1. Please tell me if B:F302 is facing chain A (nearest Cβ under 10 Å) and aromatic (F, W, Y).
2. Against the definition (crowded, with 21+ Cβ neighbours inside 10 Å, under 19 Å from the mean Cα position of the chain (by Cα) and over 22 Å from A:S138 (Cβ atoms)), how does B:L143 come out, yes or no?
3. Take the range B:243-258 and flag every residue that is of a type in the set (D, E) and either touching a residue at least 40 places away in the same chain (Cβ under 8 Å) or within 17 Å of A:G111 (Cβ to Cβ) (or both).
4. Say whether the condition of being within 14 Å of chain A (Cβ to nearest Cβ), closer than 20 Å to B:L264 by Cβ and buried (at least 22 other Cβ atoms within 10 Å of the Cβ) is met by at least one residue in the range B:185-199.
5. Of all the residues that make up the range A:35-76, how many are over 20 Å from A:E90 (Cα atoms) and in contact with a Pro (Cβ under 7 Å, 6 or more places away or on another chain)?
6. It is to be established whether one or more residues within the range B:246-264 are in a loop (DSSP other than H, G, I, E, B), crowded, with 21+ Cβ neighbours inside 10 Å and within 10 Å of chain A (Cβ to nearest Cβ).
7. For the range B:124-132, check the following and say yes or no: at least one residue is in a loop (DSSP other than H, G, I, E, B), more than 24 Å from the chain's Cα centre (by Cα) and among the aliphatic types (A, V, I, L, M).
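The values are calculated or read from the model by the stated rules, or taken from the named source; none is laboratory data. Nothing here was measured: the structure is a model prediction, and the numbers come from that model. Ideal geometry is used to build each Cβ from the backbone, glycine not excepted, and the neighbour counts take in all protein chains shown.
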Number of protein chains: 2
Amino acid sequence: MRIYVAVKLDGRQRARLLAACSGDELFFEDQATDEHTFKSCEIAFGNPRASWINSSEQLRWIQLESVGFGEYASLEPACLQRLVGISNLEDFFSEPVAESILAGILGLCRGVAELARTQARQIWLGDEMRPSLTTLHSAAVVLFGRGNINRRVEELLLPFGCAVTRFGRDWARVDMERAIVSADIVICTVPHTPETQGLFDRALISKMKPRALFANFGRGSLVDETALSEALTCGALGGAVIDVTQQEPLPLDHPFWHCPNLLLTQHTAGGTKDETDRKIDLFLSNLARYRDGCLPRGLVNFERGY
Amino acid sequence: MRIYVAVKLDGRQRARLLAACSGDELFFEDQATDEHTFKSCEIAFGNPRASWINSSEQLRWIQLESVGFGEYASLEPACLQRLVGISNLEDFFSEPVAESILAGILGLCRGVAELARTQARQIWLGDEMRPSLTTLHSAAVVLFGRGNINRRVEELLLPFGCAVTRFGRDWARVDMERAIVSADIVICTVPHTPETQGLFDRALISKMKPRALFANFGRGSLVDETALSEALTCGALGGAVIDVTQQEPLPLDHPFWHCPNLLLTQHTAGGTKDETDRKIDLFLSNLARYRDGCLPRGLVNFERGY
């Protein structure tokens, strides 16, 4: 089979993939492959250019290296019909993202980010810091997003005895507002959809308690970034952990860089040292299913949008 | 009763204590009280000068505002006999310290300290950071110290599915070494005793795995600080979270300030915004017991030393 590999691999990872697919022809995107080569392939591993796909008549299956697939939302029906499907990484990032969420929230409670910056400036704050610290124990937590990530967050929160309120795709604005008014922590992991875009606007942010913490690990489009940075700057909000922003990399003049009590995790939350190897594992496991005539695991649903 | 208050209180806290002890005479240390005043008191709240205590014939009970009481180890037997006892804060700091330990360890795994410093310099690392990140899930953890703090740490670690090995006061060097060789994370919360002093020396540190993390939240005397900073600098150790150091504040020329992958939490781990109010709560609750002729809770054991 001809397989197009859009995932960036180092030499060892490439050798591993070649060894596992010794009967196939592999084309690596970074080795000057072009649209013509892509169109000769039956399988794509990684996220290839969306514009190439509609007219790729040999293509049967794409194994994405992401959970999101918004860039492929406008594929033509005829193209989708030709495909066995497009599979995404589903649950792949739940553990690292949930751990980054807890690290960020707990880091704000216990002053980790502030202490790291203070250390770099060789300043001893010590006792002075203590009255600014809080604990996560018994906090009222709102989880917005009921996917794998927030399910895992809820497991990690169990020993802290938090009072957790969950909102999924069928949230009602009035219930959400009521929960947010009394929340100590709001954690968002929702995808970009027409319903979530701009949802955390100035009005909703202003309903949060002055010491409350806000975390966004879904998509940057959820939040009015100006309103959020103003709320943090004037002390109307306690802190925020922001993994996703509307523009990435964040522009140099963006207020988030120097916003007080805002920790910017720079869309690293899914990362792990074995991330690419695990992507190869998953691709090879789905490839074995494909060879056996089974559907790959993790086929995406374009109607639902996530 | 005459009560000597060595705890630093703000105006509101002082008013609260005065209202709760309206039938007593309170002497606040920061209001020019002297040894003579101290010696007229029956009760002390806070950590008074050790040198005043032996000859304070009225004194019956000291409620410390710390867990450690090493500074009072050389009180004379006659003095100890005169006292109902000295009570410490026992379990008081378990929740905040355990949360700071998890925040620090998880922060090293998920790059929080590094990201905070990078943000301050307005640098976008993003994807570049991802291969340096790890997860806490399934890690092999050694807990050295079996007191309330590490008990709470173990509860907080439960959802991470870690393999936990515990060592208390009866550890055997050979077992400890065996556990440390294969540990991903070593968390120390032991007090300063002749047995713990200098225990984490160059030899023991060198047995740790090159990616392992080390946390010290007990006493600084446990660790050879030069050996630790050298191991981190040459990459023989993955990272460290250090709350306690041999000298506090840390001297400006100490290698810990700029040691790679070392997070210095500056002895803040016990801190919370309501710390002093909780100390007052505990004192008042023990004072009620004392008035009723009951023993205060949390009497320390000088023979055991913690």
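1. Values: facing chain A (nearest Cβ under 10 Å): no; aromatic (F, W, Y): yes.
No.
2. Values: crowded, with 21+ Cβ neighbours inside 10 Å: yes; under 19 Å from the mean Cα position of the chain (by Cα): yes; over 22 Å from A:S138 (Cβ atoms): yes.
Yes; evaluated as a whole, the condition is true for this residue.
3. Quick first cut of the range B:243-258, residues of a type in the set (D, E) only: B:243, B:248, B:253.
Result: B:D243, B:E248.
4. Going residue by residue through the range B:185-199, those that are within 14 Å of chain A (Cβ to nearest Cβ) are B:185.
Going one step further and asking which of them are closer than 20 Å to B:L264 by Cβ, we end up with B:185.
Next, only the ones that are buried (at least 22 other Cβ atoms within 10 Å of the Cβ) stay: B:185.
For the range B:185-199, residues within 14 Å of chain A (Cβ to nearest Cβ), closer than 20 Å to B:L264 by Cβ and buried (at least 22 other Cβ atoms within 10 Å of the Cβ): present.
5. Here the count works out to 1.
6. Of the residues in the range B:246-264, the ones in a loop (DSSP other than H, G, I, E, B) are B:246-254, B:259-261.
Then drop every residue that is not crowded, with 21+ Cβ neighbours inside 10 Å, which leaves B:250, B:259.
Subsequent filtering for residues that are within 10 Å of chain A (Cβ to nearest Cβ) retains B:250, B:259.
Taking every residue of the range B:246-264 in turn, at least one turns out to be in a loop (DSSP other than H, G, I, E, B), crowded, with 21+ Cβ neighbours inside 10 Å and within 10 Å of chain A (Cβ to nearest Cβ).
7. We begin by selecting, within the range B:124-132, every residue in a loop (DSSP other than H, G, I, E, B); these are B:124-125.
So of that shortlist, the ones also more than 24 Å from the chain's Cα centre (by Cα) come out as B:124-125.
Filter once more, so that each one left must be among the aliphatic types (A, V, I, L, M): B:125.
Yes, the range B:124-132 has at least one match.
Yes or no, residue by residue, for (1) over 24 Å from A:F92 (Cα atoms); (2) among the hydrophobic types (A, V, I, L, M, F, W, C):
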position: B:V84; (1), (2): yes, yes
position: B:F92; (1), (2): yes, yes
position: B:R110; (1), (2): no, no
position: B:A139; (1), (2): no, yes
